[in-house]
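See structure below.
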Amino acid sequence: MADYILPKTDVVIVGGGWTGLTTAYELAREGQRCVVLERGRDRHTATSFAGPEEHDELKYALHHAHMMELRKETLTFRNTRDQRALPMRRLGSFLPGSGLGGAGIHWNGQLWRPLPSDLEMRSHYADRYGADFIPDELSIQDWGVSYDELEPHLEFFERICGTAGTAGNLDGEPREGGNRHEGPRASGYPNPPMKQPIATTLFGEAAARLGMSPFPMPSANVTQAYENPYGAQLHPCTYCGFCERFGCGYHAKADPIICVYDRIKDHENFEIRCDSQVLRVEKASDGKTATGVTYLDKSGVEYFQPADIVCLNAYALWNVHLMLVSGLGEPYDPETRSGVVGRNYSYQTIAAVDVFLDDEIVTNPFMGAGALGVAVDDFNGDNFDHSDLGFLGGGYIACTQYHGRPISYQPVPEGTPAWGAEWKKAVRDNYLHHTGIVVHGSSAATPDNYLDLDPTWKDAYGRPLLRMTFDFPQNDRKMSDYVLQRAVEIAEEMDHVRSISTINRAAQDSRYSLVPYQTTHNAGGAVIGTDPRTSVVNRYGQMWDHHNVFVFGACLFPQNLGYNPTGPLMGLAYWTLHHLKSDYLSNPRPLMDA
């Protein structure tokens, strides 16, 4: 029993990141009293992320000052079910945020749309290649929402972020310089693309000579003064090289605070409570609806916040954890392959090429940005013929220039000693003459990759830790190797290349590891769909079992795309909010029959 029961609110929102603040903005302006509970501290773009203090690489990039505290809550991990899962004691492979704005503060700003076929993955591959093409060990499925349905919501979020880029498919007409593989868009990007440095230019020229279609990455690093639809003012990017793992005090990288929070914080229907750790969602006696949430404040006092609607807007992993500890939905059982909560966990499959250029090519890597780069999409999704390849999925290939920070950026050719005078000389000789090519690959869901509650380990609040069981599927290992070879071909075609080397996290002889950073793109576990036997929420983001609980974020993805997830998950968020406002508020009920 909570220490205090608070007055009832219309909507309680768990999490103050992109989806949580957007949910509050849209529903508060619809007349709903919204309370946002954020586990982390209060902070603000203009004061908390200002240079030069924010440009502290040791504090923010290596000591993860903007990230979650593992001393309070973490997860356990194992590759397979026959292993004992152990707690993650240090952040590594992924970096969930904590505090107002969530991971939307320290993201890179790469803002992609899904391919139309991504959203209909199982039916698309079955229709094109035959049902037998999909291996039994993959549990991929359609989202239940089409690209055409999401397109206006994807477009709106691009305008919220002042996205910079070049459209490649405007109303079905191809456009020169854009992504010819993208789905049709009703309008172009609101801002012109970023200025490209020499390395990404050489990459684009080489890809074009090989018959591919290079284009500037879509970027929420804004390229000119811009006002978004909510009235937020964004400024041009300075190419300072402090995007990933850092907040942007220049108002140049779109984030949830400047783009959304500042436009709703003074509204009479909006309240946010930081340093509020939500422990569980409470259910009605009949088990069919939620009644609110129980949370702890900073001093350890426990409150019950009653609400008519509960919105789960935490990070993907913690949405699933909250469902499991609250008894929302049926937990997934890998033995019987029944149940849904925790099912179809997926990640991202990353490979890379290090490219060392001739001495006359000076890359100036310190002049970077989180979404500065040139990409090709020719080997993403099903943009290429998979008939004889033995895998499905793919990824984009991009040459990027994120940063040249001195602690983290020390490129040396393969075979260089790991320390000593020879290593130091190699860093000096190569720092200004290096670039990187990334293969940002998809992650196919399997019955053996899932999330559940650990039977042994507990967090600081006495709850079982979330347990992650994950390894790269053979499908993804084959995919990553194939697309990596295409990246190598581009590197070999580039002018002024001295040497190259490759990194493949999903190599045949290596298992997924929590140690090296890969991406903060955890997905699945509370997937969207049209069948309650294989999905946690219906196509509107509403739980099948509790119609007044709505779920947001990448936990909805039935499998992960070859893209960064922010664009697709925000497209889904606006889709859900549209139907919540237009269909649910006036008549609360299940929006689909189970």
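The values are calculated or read from the model by the stated rules, or taken from the named source; none is laboratory data. Computed from a predicted model, the values in this text were never measured in an experiment. Backbone-built Cβ (ideal geometry, glycine too); neighbour counts: all protein chains shown. Remember, those area values only see protein heavy atoms, side chains included, never the ligands or the DNA or RNA. Shrake-Rupley method; radii C 1.70, N 1.55, O 1.52, S 1.80 Å.
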*asked:* Residues that are farther than 30 Å from His251 by Cα and open to solvent by 10 Å² or more (accessible area, probe 1.4 Å): list the strands (runs of 3 or more DSSP E) wholly contained in segment 268-374 that include at least 2 such residues.
replied: 277-283, 290-296, 302-312, 349-357
_For segment 375-390, give me the residue count where each residue is on the phi < 0 side of the Ramachandran plot and open to solvent by 10 Å² or more (accessible area, probe 1.4 Å)._
9
*In segment 139-150, residue farthest from His579 (Cα to Cα) [restricted to those that are open to solvent by less than 10 Å² (accessible area, probe 1.4 Å) and assigned to a loop (DSSP other than H, G, I, E, B)]*: Ile140
*Identify all residues within segment 242-267 that are open to solvent by less than 10 Å² (accessible area, probe 1.4 Å) and among the small types (Gly, Ala, Ser); write none if there are none.*
Gly247, Ala252, Ala254
*So Gly567 clears everything in (1) in a helix (DSSP H, G or I); (2) open to solvent by 20 Å² or more (accessible area, probe 1.4 Å) except one condition, right? Which one?*
(2)
*Under 8 Å between Cβ atoms, at least 6 apart or on separate chains: pull out the pairs that start in segment 537-557 with a residue that is without any contact (Cβ under 8 Å) to a residue 24 or more places away in the chain and end on any residue that is not in a loop (DSSP other than H, G, I, E, B).*
Val537/Ile528; Val537/Met543; Val537/Phe550; Val537/Val551; Val537/Leu556
_Among residues of segment 285-319, those that are farther than 17 Å from Ser98 by Cβ and touching a helix residue (DSSP H, G or I) at 6+ places or on another chain (Cβ under 7 Å), counted_ = 1
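This table checks each residue for (1) of a type outside the set (S, T, N, Q); (2) free of Cβ contacts under 8 Å to residues at least 40 places away in the same chain; (3) assigned to a helix (DSSP H, G or I); (4) open to solvent by 10 Å² or more (accessible area, probe 1.4 Å).
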residue	(1), (2), (3), (4)
Glu26	yes, no, yes, yes
Val36	yes, no, no, no
Arg39	yes, no, no, yes
Asp42	yes, no, no, yes
Ala46	yes, no, yes, yes
Ala50	yes, no, no, yes
Arg71	yes, no, no, yes
Leu91	yes, yes, no, yes
Leu95	yes, no, no, no
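Residue by residue, here is whether (1) within 30 Å of Asp148 (Cα to Cα); (2) not hydrophobic (A, V, I, L, M, F, W, C) holds:
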{"site": "Ile5", "(1), (2)": "no, no"}
{"site": "Val14", "(1), (2)": "yes, no"}
{"site": "Trp18", "(1), (2)": "yes, no"}
{"site": "Tyr25", "(1), (2)": "yes, yes"}
{"site": "Glu30", "(1), (2)": "yes, yes"}
{"site": "Glu53", "(1), (2)": "no, yes"}
{"site": "His63", "(1), (2)": "no, yes"}
{"site": "Arg78", "(1), (2)": "no, yes"}
{"site": "Ile105", "(1), (2)": "yes, no"}
*For segment 580-594, state whether one or more residues are at pLDDT 95 or above and under 13 Å from the mean Cα position of the chain (by Cα).*
no
*Keeping to segment 91-100, report how many residues are within 16 Å of Ala316 (Cβ to Cβ) and small (Gly, Ala, Ser).*
3
*Do any residues in segment 319-339 that are under 14 Å from Leu466 (Cα atoms) and free of Cβ contacts under 8 Å to residues at least 60 places away in the same chain have Cβ atoms under 7 Å from those of residues that are open to solvent by 10 Å² or more (accessible area, probe 1.4 Å) and assigned to a strand (DSSP E or B), where the two are at least six apart or on different chains, and which pairs are they?*
Ser326/Arg280; Gly327/Lys283
*Output the residues belonging to segment 272-310 that are out of contact with any strand residue (DSSP E or B) (no Cβ under 6 Å at 6 or more places or on another chain) and of a type in the set (A, V, I, L, M).*
Val301
*Flag for Arg539 being surrounded by fewer than 24 Cβ atoms within 10 Å (Cβ to Cβ), over 20 Å from Ala375 (Cβ atoms) and modelled with pLDDT of 95 or more*: yes
*All but one of (1) over 30 Å from Gly529 (Cα atoms); (2) open to solvent by 10 Å² or more (accessible area, probe 1.4 Å); (3) under 20 Å from the mean Cα position of the chain (by Cα); (4) modelled with pLDDT of 95 or more hold for Pro87, so report the exception by its number.*
(3)
*Could you check, for segment 123-138, whether at least one of its residues is farther than 23 Å from Ser346 by Cβ, in contact (Cβ under 8 Å) with a residue 60 or more places away in the chain and out of contact with any Phe, Trp or Tyr (no Cβ under 9 Å at 6 or more places or on another chain)?*
no
*Determine, yes or no, whether Asp476 is surrounded by fewer than 21 Cβ atoms within 10 Å (Cβ to Cβ) and assigned to a helix (DSSP H, G or I).*
no
*Restricting attention to segment 50-91, which residues are of a type in the set (Gly, Ala, Ser) and under 19 Å from Asp459 (Cα atoms)?*
Ala85
*Have a look at Tyr230, Tyr239 and point out the one that is open to solvent by 30 Å² or more (accessible area, probe 1.4 Å) and hydroxyl-bearing (Ser, Thr, Tyr).*
Tyr239
*Out of all the residues in segment 492-501, is one or more part of a helix (DSSP H, G or I), within 30 Å of Thr435 (Cα to Cα) and open to solvent by 30 Å² or more (accessible area, probe 1.4 Å)?*
yes
_Restricting to segment 200-219, give me the number of residues that are open to solvent by 30 Å² or more (accessible area, probe 1.4 Å) and either of a type in the set (A, V, I, L, M) or free of Cβ contacts under 8 Å to residues at least 60 places away in the same chain (or both)._
3
_Enumeration of residues in segment 442-473 that are part of a strand (DSSP E or B), open to solvent by 10 Å² or more (accessible area, probe 1.4 Å) and of a type in the set (Phe, Trp, Tyr)_ = Trp457
*Identify all residues within segment 153-199 that are in contact with a helix residue (DSSP H, G or I) (Cβ under 8 Å, 6 or more places away or on another chain) and surrounded by fewer than 17 Cβ atoms within 10 Å (Cβ to Cβ); write none if there are none.*
Phe156, Pro184, Ala186, Ser187
